[in-house]
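Report on the following structure.
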Amino acid sequence: MKGLVLEDIVKTYGAFSLKVDYLEIDHGSAVCIKGPNGSGKTTLLNIVAGVVIPDKGRILYDGIDITNLEPERRRFPLIRGDRSIFPHMSVLKNIVFAKRVNDEELDRIMDLLRIARDLYGRKASSLSTGWRIRISIARALASDPRVLLIDEALDHLDPDYYECCIKDLLGYIKEKRIIALIVSHRDDIPCEEIIVVRDGRIYLPSSQ
């Protein structure tokens with residue numbers, strides 16, 4: 001059993017319950033998660049990230065039970081728009097905050113996200129939302145993630161970057177064998193798989 005596995009997961013909030021009977025995602029896969037607001041998409045990401053502990057069930061990574069493992073030990077960064085950056089810090093300090101890659105790999109990540117050196121010293125608060133999201137993604141990639149969780153952040157990337165580079169970004173994720181779970185309302189993200197969350201249940205498009 002390899003990759004990420006969710007097994008018999010249940011998380012209940014009042015009258016709402018998220019239930020995942022079984023979900024397995026291989027290394028290097030980018031999975032788009034679709035569904036209406038309130039359907040359980042963010043709860044699903046929070047459970048994988050370790051921010052929320054399920055009432056029942058197991059989360060496995062490479063066959064190891066990580067259900068109760070602290071978020072900081074999982075290396076599953078969760079990107080929610082630009083809220084994860086430190087606005088008072090420079091672009092570079094934000095990106096290297098949890099750096100685990102070498103300098104050569106960091107340069108590659110910066111090139112991938114088109115973050116030029118003349119931006120390194122700028123305060124993150126001085127940049128647009130699209131740029132701050134790029135900083136959040138760069139910091140997540142620089143942490144050498146095992147699983148990358150993106151909650152609608154790609155929906156707010158600046159269009160010029162999205163049009164030129166989103167395929168390169170997902171290609172990098174595949175090359176590094178990172179598992180990516182991407183919540184998005186966009187229909188043009190070139191994900192390898194799509195799952196739909198509706199009323200707290202997960203469906204594959206073919207099973208709807």
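The numbers here are math on the coordinates, done by the rules we state, and not lab data. Values in this document were obtained by computation on a predicted structure and should not be read as measured data. So basically every Cβ, Gly included, is an ideal-geometry build from the backbone, and we count neighbours across all protein chains shown.
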In the chain, with Lys and Arg counted as +1 and Asp and Glu as -1 at Cβ, which of these residues, Leu18, Tyr162, Leu4, has the Cα nearest the positive end of the dipole, that is, farthest along it?
Leu18
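Under a Cβ-only charge scheme (Lys and Arg +1, Asp and Glu -1), can you give me the dipole magnitude of segment 80-128 about the Cα centre, in debye to the nearest 20? Present the calculation step by step, with values, prior to reporting the outcome.
Details: 10 positive and 7 negative charges, 61 e Å.
Computed charge dipole of segment 80-128: roughly 300 debye.
How big is the charge dipole of segment 1-96 about its Cα centre, in debye rounded to the nearest 20, if each Lys and Arg gets +1 on its Cβ and each Asp and Glu gets -1 on its Cβ?
Values: 13 positive and 11 negative charges, 74 e Å.
For segment 1-96, the charge dipole is close to 360 debye.
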Cα lying deepest toward the dipole's positive end in the chain, options Phe86, Val96, Leu106, charges on Cβ:
Phe86
Which of the peptides 29-41, 129-141 is most tightly packed, and how do the rest follow, going by the mean number of other Cβ atoms within 10 Å of each residue?
129-141, 29-41
Once the chain is represented by equal point scatterers at the alpha-carbon sites, with solvent omitted, what log10 I(q)/I(0) does the Debye formula produce at q = 0.18 Å⁻¹?
-1.31
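May I ask you to sort Cys164, Cys191 by Cβ crowding, counting other Cβ atoms within 10 Å and putting the fewest first?
On the way: Cys164 10, Cys191 18.
Fewest to most other Cβ atoms nearby, the residues stand as Cys164, Cys191.
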Over 21 Å between alpha carbons, listed pairs Lys99/Lys176; Lys11/Lys41; Lys2/Lys174; Lys93/Lys123; Lys11/Lys34; Lys2/Lys99
Lys2/Lys99
Using only Cα atoms, tell me the angle between helix 103-112 and the longest principal axis of the chain; keep it within 0 to 90° and round to the nearest 10.
80 degrees
Could you state the number of Å between the C-alpha centres of segment 168-208 and segment 36-89?
16 Å
Given Asn68, Gly28, Leu44, which one lies farthest toward the positive end of the charge dipole of segment 1-70, if we put +1 on the Cβ of every Lys and Arg and -1 on the Cβ of every Asp and Glu?
Leu44
